[in-house]
Amino acid sequence: TEPRRPVIAGNWKMNCLLDAGLDLAQAVEDGAGGRDCEIVICPPHVLLHPVNVALEDNLLGLGAQDCHVAEKGAHTGDVSAAMLADAGCGYVIVGHSERRVDHGESDDLVRAKAESVFAQELVAIICIGETEAERDDGRTEAVLAKQLDGSVPAGSNAANTIIAYEPVWAIGTGKTPTADEAQNVHSFIRRYLAEKLGDDIASGMRILYGGSMKPSNAAELLAQADIDGGLIGGASLNAGDFHGIVECLP
Ligand code: PEP
């Protein structure tokens, strides 16, 4: 099987006004290019098109943080995957824990969003992860299995889907699992995907770790056999930190 190409994706969340966003995107692009990996930035929706216009070197992938399930229609305030493709996106994050919690998104909805991403021939970055209470109860694998069953479409494959394992308790907290713990969970996810989608697809699918990744802890995490990159929140808002993580790829 082909080696999995690493992905380092920055989730800017609801940060950056236009000037700051253009500066950050440019700084990320200026530092990119030296490595065989995909570097993706996911600015807020309103910055996608201007960032896409401003970046000329084609070294970065552009991703959105969410989409609606429908292609168009009476959905005030929502943005479709078709619009995101039109704005220049190649990727869409779906099912981030902040969407699952703040907007009550269910696994079924996340799956439908991923399907709408596939329909535009974009890549869905599907997020899963257990809460601290679920972890303390020893339910991590059961929770992830349910999320994978519910959120990952039957049509997922290694080209259209990236899984992001983001333990909720590690997001924005400065806490991370040990590299061993993270590897064990990633290995579980890959085995579960193999049962669901088949060995070939599972062995080619990128599984990213997300949650308080930064230059000082990234090397150990990214060295693990089943960790194929990172989804980075806070540290993606500083180009030096973000590239510091890219530099940690083995
Ligand atoms: C995220 O929310 O996707 C994330 C990983 O955030 P942070 O890196 O800030 O923990």
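Each reported figure results from applying straightforward, stated rules to the coordinates on display, with no laboratory input. All figures in this text were calculated on a predicted structure; none of them were measured in a lab. No Cβ is skipped: glycine too gets one built from the backbone with ideal geometry, and neighbour counts run over all protein chains shown.
Would you calculate, for the chain, the mean residue ellipticity at 222 nm contributed by helices, counting each DSSP H stretch of 4 or more residues as -39,500 (n - 2.57) and dividing by all residues, to the nearest 500?
Mean residue ellipticity, 222 nm, calculated: -12500 deg cm²/dmol.
Pairs of Cα atoms under 8 Å, at least six residues apart: use those to get the relative contact order of the stretch 7-246, whole percent.
Relative contact order of the stretch 7-246: 19 percent.
So if each residue of separation counts as 0.36 nm, and I subtract the Cα-Cα distance between residue 191 and residue 19, what length gain in nm does that give?
Extra length available between residue 191 and residue 19 comes to 57.5 nm.
Could you give the dipole magnitude of the chain about its Cα centre, charging the beta-carbon of Lys and Arg +1 and that of Asp and Glu -1, in debye to the nearest 20?
In total the dipole reaches around 180 debye.
Average the reciprocal distances over every distinct pair of alpha-carbons in the stretch 85-163, invert the result, and give the Kirkwood radius in Å.
Every distinct Cα pair counted, the radius reaches 12.9 Å.
If the cut-off is 22 Å between C-alpha atoms, which lysines fall inside it for residue 13, apart from same-chain ones fewer than 8 positions away?
Answer for residue 13, where 22 Å is the Cα cut-off: 113, 175, 214, listed by chain and number.
Could you line up 45, 75 from fewest to most neighbouring Cβ atoms inside 10 Å?
Least crowded to most crowded, the residues run 75, 45.
Between residue 146 and residue 70, what FRET efficiency comes out of the Förster formula 1/(1 + (r/R0)^6) with R0 = 41 Å and r the beta carbon distance, rounded to 0.05?
Efficiency, from the Cβ-Cβ distance: 0.95.
Once you have all Cα-Cα distances for the chain, histogram them in 5 Å bins from zero and send the whole-percent values.
Answer for the chain: a P(r) of 1, 7, 15, 19, 21, 18, 12, 5, 1, 0 percent.
Between the alpha-carbon centers of the stretch 47-85 and the stretch 180-250, tell me the distance in whole angstrom.
For the stretch 47-85 versus the stretch 180-250, the Cα centre distance is 24 Å.
Of the DSSP beta bridges with both residues in the chain, give the percent that are antiparallel, rounding to the nearest 5.
So the antiparallel bridges amount to about 0 percent of the total.
Taking only the C-alpha atoms, wrap a convex hull around the stretch 144-250 and report its volume per residue in Å³ as a whole number.
99
How far apart, in nm, are two points set 7 Å out from the Cα along the Cα-to-Cβ line at residue 5 and at residue 133?
Between residue 5 and residue 133, the simple spin-label model gives 4.2 nm.
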